[in-house]
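The values are calculated or read from the model by the stated rules, or taken from the named source; none is laboratory data. Small disclaimer: the values here were computed from a predicted structure and weren't measured. Glycine also receives a Cβ, built like all others from the backbone with ideal geometry; neighbour counts cover every protein chain displayed.
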Amino acid sequence: MANSEDPRETLRALGEELSNFQAIMEHVRSIPSQFTMDNVDIYGETFPLNGVDGGDHIIFLDFVERYDLDHLAHCALRAGHDARAARLKSLEDRIGVLLADASGHSSTDALLTAMLHQAFLTGVLYELEMNGHVTAKLFEILNTRFHRSSAVTKYLTMIYGEISEDGTFRFISAGHPKPMIFSSEFNCFVNIDPSRLTTTFPVGMFPAETDVDERLDSEPLVYKKKYTVNEVNLMAPGDILLLATDGLFEHSDGEVDFVPDQLQATVRRVKNGSAKEIVAAIHGAMMACAPPEDDVSLVVIKRTR
């Protein structure tokens, strides 16, 4: 017997489901328009390949705005945890940023980043209450959960870092493109000591060395090493730290790569602008170079004084 279901009704229902998913992701993707730090200007934006949703995601942690640090510190002091209270107070002078890129750029790949979004923010609150700051242990746990709950072909590259008032950027990287620093004094991107750019496998690709439960199930050929905390510095006013997904680094017109020459020329031209203006200029130059073939996300952190 033929299926009597109207194809038009099926398409309508699928359209409603997609609209509902996009409405949820619109809230998840929400990015603050300003931050509480005085001498660091920050802006980030995601440009999905399909124009709606994709596999890239940005989360900003303005600790002062998102959490009641005074209350958390007071509770720590009452419990006799002076060091934890001090760490919580130090977050007043820091902004955290997480940039992730799921394997794929379709709308449904955004589901992985939505999972990361909720798990990460839940984990951060727990970290603040228990430790007074975000530790690498959180990302070990995230790797384990994604490894155990997603297909082997579905994983995320990720970088998480915290920028301090003094221009120090401490970060971990999970298979993500390296940060780039543009020196205002030398008017170019500068080389960073490779020892400060340690990375490991993407989130969820392999079990961690510390995941003892994995050994109960199997003995994989590869384990992910522990995350390393790296540190780089924006030493002078005007210095720019650029974080991006691989959509930037792989962009080309088929013959000439956008990075490094066109990217550097663009940043030179707009280095005196705001972080938001620099992001817009880089994206505009990319679009003028060639149509994108992947999602692109950009975060600019600029030391203003």
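Taken together, V124, V134 contain a single residue that is touching a residue at least 12 places away in the same chain (Cβ under 8 Å), assigned to a helix (DSSP H, G or I) and under 24 Å from V40 (Cα atoms), which is V124. Summed over segment 234-254, residues that are surrounded by fewer than 18 Cβ atoms within 10 Å (Cβ to Cβ), modelled with pLDDT under 95 and within 23 Å of T304 (Cβ to Cβ) total 3.
For segment 244-276, how many residues are in a loop (DSSP other than H, G, I, E, B) and hydrophobic (A, V, I, L, M, F, W, C)?
3
Being surrounded by fewer than 16 Cβ atoms within 10 Å (Cβ to Cβ), modelled with pLDDT under 95 and more than 17 Å from V97 (Cβ to Cβ) is true of S218. Answer yes or no as to whether L298 is within 19 Å of D101 (Cα to Cα) and in contact with a strand residue (DSSP E or B) (Cβ under 8 Å, 6 or more places away or on another chain). Taking the combined requirement at face value, the residue satisfies it. Scanning segment 105-147 for residues that are of a type in the set (G, A, S), in contact with an Asp or Glu (Cβ under 9 Å, 6 or more places away or on another chain) and surrounded by fewer than 21 Cβ atoms within 10 Å (Cβ to Cβ) returns S106, S107. Candidates D261, D257: the one that is closer than 30 Å to T108 by Cα, over 23 Å from the mean Cα position of the chain (by Cα) and surrounded by fewer than 18 Cβ atoms within 10 Å (Cβ to Cβ) is D257.
For segment 29-75, the set of residues classified as β-branched (V, I, T) and part of a loop (DSSP other than H, G, I, E, B) consists of I31, T36, V52, listed by residue number.
Which members of segment 152-167 meet the condition of being assigned to a loop (DSSP other than H, G, I, E, B) and in contact with an Asp or Glu (Cβ under 9 Å, 6 or more places away or on another chain)? Talk me through it step by step, then tell me what you get.
In the first step, residues of segment 152-167 are kept if they are assigned to a loop (DSSP other than H, G, I, E, B); the result is 152-155, 165-167.
Once the filter is applied, which keeps residues that are assigned to a loop (DSSP other than H, G, I, E, B) and in contact with an Asp or Glu (Cβ under 9 Å, 6 or more places away or on another chain), segment 152-167 yields K154, E165, D166, G167.
Scanning segment 168-198 for residues that are assigned to a loop (DSSP other than H, G, I, E, B), surrounded by fewer than 19 Cβ atoms within 10 Å (Cβ to Cβ) and touching a strand residue (DSSP E or B) at 6+ places or on another chain (Cβ under 8 Å) gives G175, S184, I192, L197, T198.
Screening the candidates H117, H105 for the property of being at pLDDT below 95, within 20 Å of the chain's Cα centre (by Cα), outside any helix (DSSP H, G or I) and at negative phi yields one hit, H105.
Of all residues in segment 122-155, which are in contact with a Ser or Thr (Cβ under 7 Å, 6 or more places away or on another chain) and either closer than 26 Å to K302 by Cβ or of a type outside the set (S, T, Y) (or both)? Once the filter is applied, which keeps residues that are in contact with a Ser or Thr (Cβ under 7 Å, 6 or more places away or on another chain) and either closer than 26 Å to K302 by Cβ or of a type outside the set (S, T, Y) (or both), segment 122-155 yields E127, E140, K154. Of the residues Y126, Y160, the single one that is under 20 Å from P202 (Cβ atoms), at pLDDT 95 or above and out of contact with any Cys (no Cβ under 6 Å at 6 or more places or on another chain) is Y160. Residue under question is L241, and the condition is that it be closer than 26 Å to S164 by Cβ, touching a residue at least 12 places away in the same chain (Cβ under 8 Å), part of a helix (DSSP H, G or I) and out of contact with any helix residue (DSSP H, G or I) (no Cβ under 6 Å at 6 or more places or on another chain); does it hold? Judged against the criteria, L241 is not a match.
Could you tell me whether F139 is touching a residue at least 60 places away in the same chain (Cβ under 8 Å), in a helix (DSSP H, G or I), in contact with a strand residue (DSSP E or B) (Cβ under 9 Å, 6 or more places away or on another chain) and not aliphatic (A, V, I, L, M)? Before you say what the answer is, go through the steps one by one.
On the way: touching a residue at least 60 places away in the same chain (Cβ under 8 Å): yes; in a helix (DSSP H, G or I): yes; in contact with a strand residue (DSSP E or B) (Cβ under 9 Å, 6 or more places away or on another chain): yes; not aliphatic (A, V, I, L, M): yes.
When the stated conditions are applied, F139 passes them.
With respect to the stated conditions, L98 fails to be more than 23 Å from V296 (Cβ to Cβ), buried (at least 22 other Cβ atoms within 10 Å of the Cβ) and at pLDDT 95 or above.
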